[in-house]
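To start, the structure itself, in structure tokens.
The values are calculated or read from the model by the stated rules, or taken from the named source; none is laboratory data. This one's a predicted model, so the numbers in the text were calculated from it and none came from an experiment. Here the Cβ positions follow ideal geometry from the backbone for every residue, glycine too, while neighbour counts run over all protein chains shown. Heavy atoms of the whole protein, side chains included, go into the accessibility calculation; ligands, DNA and RNA do not. Shrake-Rupley method; radii C 1.70, N 1.55, O 1.52, S 1.80 Å.
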Amino acid sequence: MSIEMIASEIDKTKVPQHIAIIMDGNGRWAQSQGKDRTFGHQSGVESVREAIKGCMEIGVKYLTLYAFSTENWNRPKEEVDFLMNLLVEAIAGETPELLKNDIRLETIGAIDELPESSFQHLMQAKKDTAHCQSLTLVLALNYGSKKELTQAMKSIAESIKSGAIKADEIDEKCIAKHLYTRDFPDPEIMIRTSNEMRISNFLTWQLAYAELFFLPIFWPEFKRDHLWECVRDFQQRERRFGKTSAQVN
Ligand code: IPE
Ligand code: IPE
Ligand code: MG
């Protein structure tokens, strides 16, 4: 199906606010062509641009990309170093482009544990784009749901200890306010490439009612069309939130 056809099938009045993506399969994609895994990471940058364009063109306001998990530190040192460098280059190099397109950069995850130069570049890019409004691009970096929830529980425990709140005042809103994602709506759509059917420690709280899409392509193959197909299919799914079909119709 042509890209125009897919776009025409999207109901522009029911576009999701937030799409989250697990960008997976860079290494396998490169290796399938006899190349080094790092070539896959490098090529994945173009797919990031595609995902951003796809969101902007249909009016999605938040795009969260899983770029580096708390578990990814366990990869060979050369690969971790390559990813950190790529990150700095991509961020520093793309800032003018982000500004031109009115894109605000945000992050979730323990970015203070990244190498100093990566951290500084990120902070600068976030500051420079803070006024932008068309799209909020959230990079999940050194992100893990279990780490996020652990830290939230510690922080809530501290608030109780200091007397700021009482234990029976803890509710879902209170927990959500202690997560990295406190300023963003929950994603309605989660897409993972590379045909792996798992969420790998990504946004477990926030994805509680998201519609999940697992695509049989590697991340460097991802194009706007794929994102739009997910949005179109999302609009055809019946989201019941625990109710019966009759109730929601
Ligand atoms: C996703 O691709 C990028 C990161 C996790 C940083 P992978 O590097 O996981 O590629 P595969 O899944 O091993 O093919
Ligand atoms: C998830 O992909 C993390 C990112 C895409 C950044 P992984 O490739 O690390 O996940 P697993 O190990 O296959 O679960
Ligand atoms: Mg992977």
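Checked against the criterion of being outside any helix (DSSP H, G or I), in contact (Cβ under 8 Å) with a residue 12 or more places away in the chain and within 16 Å of ligand 2 (Cβ to nearest atom), the candidates Leu179, Leu212 yield just one match: Leu212. Condition first: open to solvent by 70 Å² or more (accessible area, probe 1.4 Å) and either of a type in the set (Asp, Glu) or under 26 Å from Val45 (Cα atoms) (or both). Now tell me which residues in segment 130-167 satisfy that. If the condition is that a residue be open to solvent by 70 Å² or more (accessible area, probe 1.4 Å) and either of a type in the set (Asp, Glu) or under 26 Å from Val45 (Cα atoms) (or both), then His131, Gln133, Glu158 are the ones that fit.
Condition check ((1) part of a helix (DSSP H, G or I); (2) within 16 Å of ligand 1 (Cβ to nearest atom); (3) within 18 Å of the chain's Cα centre (by Cα); (4) among the β-branched types (Val, Ile, Thr)) across all residues:
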residue: Asp112; (1), (2), (3), (4): yes, no, no, no
residue: Gln120; (1), (2), (3), (4): yes, no, no, no
residue: Gln124; (1), (2), (3), (4): yes, no, no, no
residue: Ala140; (1), (2), (3), (4): no, yes, yes, no
residue: Met153; (1), (2), (3), (4): yes, no, no, no
residue: Ile160; (1), (2), (3), (4): yes, no, no, yes
residue: Ala164; (1), (2), (3), (4): no, no, no, no
residue: Asp186; (1), (2), (3), (4): no, no, yes, no
residue: Ile191; (1), (2), (3), (4): no, yes, yes, yes
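For segment 64-72, the criterion of a residue being open to solvent by 60 Å² or more (accessible area, probe 1.4 Å), of a type in the set (Asp, Glu) and either in contact (Cβ under 8 Å) with a residue 60 or more places away in the chain or in a helix (DSSP H, G or I) (or both) is satisfied by at least one position. Residues that are in contact with a Lys or Arg (Cβ under 7 Å, 6 or more places away or on another chain) and either small (Gly, Ala, Ser) or within 16 Å of ligand 3 (Cβ to nearest atom) (or both) do not occur anywhere in segment 219-242. Screening Ser47, Ser2, Ser69, Ser32 for residues that are within 16 Å of ligand 2 (Cβ to nearest atom) and over 24 Å from Tyr143 (Cα atoms) leaves exactly one candidate, Ser32.
Could you please find all residues in segment 1-32 being more than 12 Å from ligand 1 (Cβ to nearest atom), over 15 Å from the mean Cα position of the chain (by Cα) and in a loop (DSSP other than H, G, I, E, B)?
The answer is Met1, Ser2, Glu9, Ile10, Asp11, Val15.
For segment 77-91, name all the residues that are more than 13 Å from ligand 2 (Cβ to nearest atom) and either among the acidic types (Asp, Glu) or open to solvent by 50 Å² or more (accessible area, probe 1.4 Å) (or both). Answer for segment 77-91, where residues must be more than 13 Å from ligand 2 (Cβ to nearest atom) and either among the acidic types (Asp, Glu) or open to solvent by 50 Å² or more (accessible area, probe 1.4 Å) (or both): Lys77, Glu78, Asp81, Phe82, Asn85, Glu89. On the basis of being within 25 Å of Ile6 (Cα to Cα) and surrounded by fewer than 12 Cβ atoms within 10 Å (Cβ to Cβ), does Met197 make the cut? Taking the combined requirement at face value, the residue satisfies it.
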